[in-house]
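Encoded as structure tokens, the structure appears first; notes follow it.
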Amino acid sequence: MIAHAPGIDPAYTKGMSSSAPSIFSKIVSREIPADIVMENDRLIALRDIAPKAPVHLLVVPKTQQYANVAELAADDPQLLAELVAMAQELASEHANGEFRLVFNSGETAGQTVFHVHAHVLTGGLDEGSLAG
Ligand code: AMP
């Protein structure tokens, strides 16, 4: 029995993003290099290639099945909680433990990679700045 037509991504039919590996999936699989600062079985953290703060890290679920934080929260709140805990750990390791957590959700909100990820900004932020 054919489960789905060849070339049709089953995730796509559920309204999720294409199965073409995202830039972050390629980092998870070591297909492309990155400055990885922390990793466990479900999450990876790396330095943003275009930092917007003295410390600008990304925390990314290894699965690319969630395009944004709302999808992640609805489907796997435990993983979202683990992501926040890793952000805290990173902020303690790389700065004074205080941090700003940003999830751009949607193109007009500045999201460019549709594989959910949190920006962890710390290490001396401009007061009042909301830039991600
Ligand atoms: P967003 O615009 O919220 O989707 O965030 C995507 C982020 O990924 C941006 O801040 C980029 O600078 C960052 N980024 C894109 N490619 C890479 C890469 N190869 N390594 C590290 N960070 C990246």
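Going by neighbour counts of Cβ atoms within 10 Å, the residues LEU43, LEU101 line up, fewest first, as LEU101, LEU43.
What ranking of ASP35, ASP48 emerges when the number of other C-beta atoms within 10 Å of each C-beta is taken as an exposure proxy, fewest first?
Numbers: ASP35 11, ASP48 18.
Least to most surrounded, the residues fall as ASP35, ASP48.
Between ALA109 and ALA81, 0.36 nm times their residue separation minus their Cα-Cα distance comes to what?
Working: separation 28, 0.36 × 28 = 10.08 nm, distance 2.25 nm.
Between ALA109 and ALA81, full extension yields an extra 7.8 nm.
The alpha-carbon atoms of the range 20-122 define a convex hull whose volume equals 94 cubic angstrom per residue. Label-to-label distance, LYS52 versus SER19, with points set 7 angstrom from Cα along the beta-carbon direction: 3.3 nm. Ordered by the number of other Cβ atoms lying within 10 Å of each residue's own Cβ, fewest first, THR112, THR122 fall into the sequence THR112, THR122. Evaluating 6.51 cos²θ - 1.76 cosθ + 1.60 at θ = phi - 60° for every residue in the range 94-108, the Karplus couplings come out as 9, 8, 8, x, 9, 7, 10, 10, 10, 10, 6, 10, x, 4, 6 Hz, glycine and proline recorded as x.
Here the simple spin-label model places points 7 Å from the Cα toward Cβ, and for GLN65 and ASP35 these points are separated by 3.3 nm.
Could you order the peptides 87-97, 73-83 from most to least packed, using the average number of other C-beta atoms within 10 Å per residue? The partial results should precede the final answer.
Working: 87-97: 16.5, 73-83: 14.5.
Put in order of decreasing packing, that is 87-97, 73-83.
Coordinate-derived values only; no laboratory data. This structure is a prediction, so every number in the text was calculated from the model and none was measured. Every residue, glycine as well, gets a Cβ built from its backbone with ideal geometry; the counts of neighbours run over all protein chains shown.
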